[in-house]
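Peer 1: The structure under discussion is supplied below as structure tokens; questions concerning it will follow.
The values are calculated or read from the model by the stated rules, or taken from the named source; none is laboratory data. Everything quoted here is computed from the prediction, not taken from an experiment. Please note: Cβ atoms are built from the backbone with ideal geometry, for glycine as well, and neighbour counts cover all protein chains shown. These area figures cover heavy atoms from the full protein model, side chains too; ligands, DNA and RNA do not enter into them. Shrake-Rupley method; radii C 1.70, N 1.55, O 1.52, S 1.80 Å.
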Amino acid sequence: MSHSITQLAEWKALKDHFSEIKKLHLKTLFQNDPHRFSRFSFVFNDEILLDFSKNIITEKTIHLLLNLAQALKLEEKRDAMFTGETINWTENRPVLHIALRNRSNTPIIVDGKDVMPEVNQVLSKMEFFSNAVRSGKWRGFTGKKIRTIINIGIGGSYLGPKMICEAMKPYADKNLSVRFISNVDATDFVHQVKNTNPEETLFIVASKSFTTQETMTNAMTAKHWIIEKLGNEKAVASHFVAVSTNIKRVEAFGISTENIFHFWDWVGGRYSWASAIGLPIVCYIGFDRFVELLAGAHDIDIHFKETPLDKNIPTIFALIGIWYTNFFGFETQAILPYDQHLKYLPLYLQQADMESNGKFVDFSGRTVDYQTGSIVWGETGTNGQHAFYQLIHQGTKIVPADFIGCVNSHHPMGDHHLKLMANFFAQTEALMRGETVEHKNMDTRLPHKVFYGNRPTTSILMKQLTPRNLGRLIALYEMKIFVQGIIWRINSFDQWGVELGKMLAKKILDEEQLLLNGQHVDLDTHDSSTKGLLRFFTQGSVSLG
Ligand code: F6P
């Protein structure tokens, strides 16, 4: 395309439509259309209700957004992903996390070879290993059963497994605890190994590249910890396994081939939960339930691949986000799970979305003249209600919010769940409807009590947070992110933006070490602020005069 998407007739039609719609109030839209809920809602496989009706959209909005998607060849691009084309062209790779959960086993060809046999082989290895850990067949160096699994990894090698393990706690083996060490801050390590018996602890070192500074540092510390506690270097073999695409580096670390779980460069880190990166999940909830997670994601993959765009849930979900980002100019997206088990979902989606779509260069290498990825953030309901909802209700910024909850709780105690969900429904209604106050008297406080409303929300209501529904929920967001990347014409699958900081950190680490050893370092390559910070850090004082 030789020009920006903002020059497309379909984009301009949306701009014109925005001028018509921006004065409409959601309350009026509901009053004028008794069928609004059914018009803008979907039920997926009788299990998940997705209600888009409290968004500032009309049928014309969706129609025009779909025209835009078609003009940008969404279906063609989607098919390119599913058939293994090199759609992550800046890293020269296909994007095939869909192969990891391809439960129908239809061949997926990369470089002339079907990847499914290898995918299934790794799954079998994960099954065998997790059964051994769970049954006690796998023993620690001193012959004890494993009771604590500690995953060492960061980013995609951490957030997916952490979020899923927390969400799937009701299905977990009660004799196993799973912990995560991610931060290079030693506090993380110290806290996670506290009250752990090294004889009963298994470390999973998870890193796609096996070069990530934080993970390598924590893995080395863990290795020394095991050797010191168990008094023998040979203990490493019984207490460490690794998950990576970089077999050579894992072997150099001292983990033998049979304890390495492999995956492939066509799995992006933030899309890797369904690969061997999911090993802590398999150990925690068992292989059959992990397969249910995969099956749920596969359900959405198939739906996304085969459903016409006007009924295609991730597509509609994504297009509403485009509508807000590019026409209303809303900058953030809140994720508000009304389910304590989903407490890490906002964090997980933050990486999935922001690392994928936080880009300013388009397919043609041009700087975009429109907004891309949203700022994703959130917290569980009802906690958020007592913290930041004030701004969502009455602030000067509009924050589209996804409310996510379940019909059935895993902990049906008293009226807790009724109360929780009453709050979910009340919040979305209040945000939509608002409240005006009659100015009948001179009470100057009255304006402060006005809720303008018209604040958009999407409600996602699952029958229960089962492995299958969680798999569906994750894939729904993954595909939403994909669609948005196509509309914005950006590569959602690279992450060059993280490189500069990593490179500078390496250089600064060397400088810190030299300075602490009292050696001279030429800090003039840095700005005065960075120099000042480094001096204060290494010398304990800095002259401001
Ligand atoms: O620095 C960002 C990143 O590369 C993420 O994309 C990735 O999920 C994370 O670091 C961890 O990478 P790895 O799995 O290679 O250790």
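Peer 1: From the protein chains alone at 1.4 Å, what is the descending order of accessible area for 182, 529, largest first?
Peer 2: On the way: 182 15, 529 70 Å².
Output order, biggest surface exposure first: 529, 182.
Peer 1: Determine the dipole magnitude for region 249-343: charges of +1 sit on the beta-carbon of Lys and Arg, -1 on that of Asp and Glu, nothing else is charged, the reference point is the Cα centre, and the result goes in debye to the nearest 20. Write out the running numbers ahead of the final one.
Peer 2: Details: 6 positive and 11 negative charges, 41 e Å.
The dipole magnitude comes to about 200 debye.
Peer 1: Region 254-399: Rg/Rh from Cα coordinates, Kirkwood Rh?
Peer 2: 1.02
Peer 1: Can you tell which of 240, 140, 154 lies farthest toward the positive end of the dipole of the chain, using +1 and -1 charges on the Cβ of basic and acidic side chains (Lys, Arg; Asp, Glu)?
Peer 2: It is 140.
Peer 1: Can you list the GluC sites (Glu not before Pro) in region 393-458 that are in a DSSP coil and have 14 or fewer other beta carbons within 10 angstrom?
Peer 2: Here the sparse-neighbourhood loop sites are 438.
Peer 1: So which of 208/507; 73/502; 12/77; 343/506; 113/162 end up more than 31 Å apart, counting from Cα to Cα?
Peer 2: 73/502; 343/506; 113/162
Peer 1: Further, regarding this structure: If you place +1 on the Cβ of every Lys and Arg, -1 on the Cβ of every Asp and Glu, and leave all else neutral, what size is the dipole of region 207-365 about its Cα centre, to the nearest 20 Debye? It would help to have the intermediate numbers written out before the result.
Peer 2: Values: 12 positive and 17 negative charges, 86 e Å.
Dipole about the Cα centre, nearest 20: 420 debye.
Peer 1: Here is a further query. Under the Karplus relation 6.51 cos²θ - 1.76 cosθ + 1.60, θ = phi - 60°, what is the ordered set of whole-Hz ³J(HN,Hα) values for region 86-95, x standing for Gly and Pro?
Peer 2: Working through the residues one at a time gives 6, 7, 8, 6, 6, 10, 6, 9, x, 10 Hz.
Peer 1: Just the accessible area for residue 480, please: 1.4 Å probe, Å², rounded to the nearest 10?
Peer 2: Ignoring ligands and nucleic acids, residue 480 comes out at about 10 Å².
Peer 1: For the chain, what is the charge dipole size about the Cα centre, in debye to the nearest 20, if Lys and Arg each add +1 at the Cβ and Asp and Glu each add -1 at the Cβ?
Peer 2: 900
Peer 1: Residue 337: net charge of surrounding residues, Cβ under 12 Å, Lys/Arg +1, Asp/Glu -1, itself excluded? All intermediate terms of the calculation are to be shown ahead of the outcome.
Peer 2: Details: positive: 343; negative: 166, 339, 379, 402.
Combined, the nearby Lys, Arg, Asp and Glu give -3.
Peer 1: If you add up the charges near residue 200, with Lys and Arg at +1 and Asp and Glu at -1, over every other residue whose beta carbon is less than 9 angstrom from its beta carbon, what do you get?
Peer 2: Numbers: positive: 144, 145, 147; negative: 199.
Net local charge, residue 200 excluded: +2.
Peer 1: Still on this structure: Given contacts defined as C-alpha pairs under 8 Å and at least six residues apart, what's the relative contact order of the chain, whole-number percent? Could the numbers behind the result be given before it?
Peer 2: Details: 861 pairs, mean separation 96.9, N = 545.
Here the relative contact order equals 18 percent.
Peer 1: Here's a follow-up. If we restrict to alpha carbons, what Rg and Dmax does region 134-275 come to, in Å?
Peer 2: 14.2, 40
Peer 1: Report the Rg/Rh value for region 1-111, based on alpha-carbon coordinates and the Kirkwood definition of Rh.
Peer 2: On the way: Rg = 19.0 Å, Rh = 17.5 Å.
My calculation puts Rg/Rh at 1.09.
Peer 1: Now, a different point. Grab the other residues whose beta carbon is less than 11 angstrom from that of residue 43, score K and R as +1, D and E as -1, and report the net.
Peer 2: Residues close to residue 43 contribute a combined charge of -2.
Peer 1: Rounded to the nearest 5, what % of the DSSP beta bridges within region 55-184 are antiparallel ones? Walk me through the numbers on the way to the answer.
Peer 2: Details: 4 of 9 bridges.
The antiparallel fraction comes to roughly 45 percent.
Peer 1: For region 56-208, what relative contact order do you get, as a whole percent, if you take Cα pairs closer than 8 Å and at least 6 residues apart? All intermediate terms of the calculation are to be shown ahead of the outcome.
Peer 2: Values: 147 pairs, mean separation 28.2, N = 153.
Computed value for region 56-208: 18 percent relative contact order.
Peer 1: Which number comes out as Rg/Rh for the chain once both Rg and the Kirkwood Rh are worked out on C-alpha atoms?
Peer 2: On the way: Rg = 25.4 Å, Rh = 25.5 Å.
Taking Rg over the Kirkwood Rh, I get 1.00.
Peer 1: Which is farthest toward the positive dipole end of the chain among 542, 122, 26, measuring Cα position about the Cα centre, with Cβ charges +1 (Lys, Arg) and -1 (Asp, Glu)?
Peer 2: Result: 26.
Peer 1: I've got another one for you. How would you order 389-398, 329-338 from highest to lowest mean count of nearby Cβ atoms within 10 Å?
Peer 2: Order by mean packing, descending: 329-338, 389-398.
Peer 1: Same structure, new question: How do 516, 64 rank by accessible surface area computed with a 1.4 Å probe, from largest to smallest? Walk me through the intermediate numbers first.
Peer 2: Working: 516 110, 64 25 Å².
Result of the area sort, largest leading: 516, 64.
Peer 1: Using modelled backbone amide H atoms (1.01 Å from N, in-plane), which distant-in-sequence or interchain residues come within less than 5 Å of residue 402's amide H?
Peer 2: So residue 402 has HN proximity to 334, 335, 336, 458.
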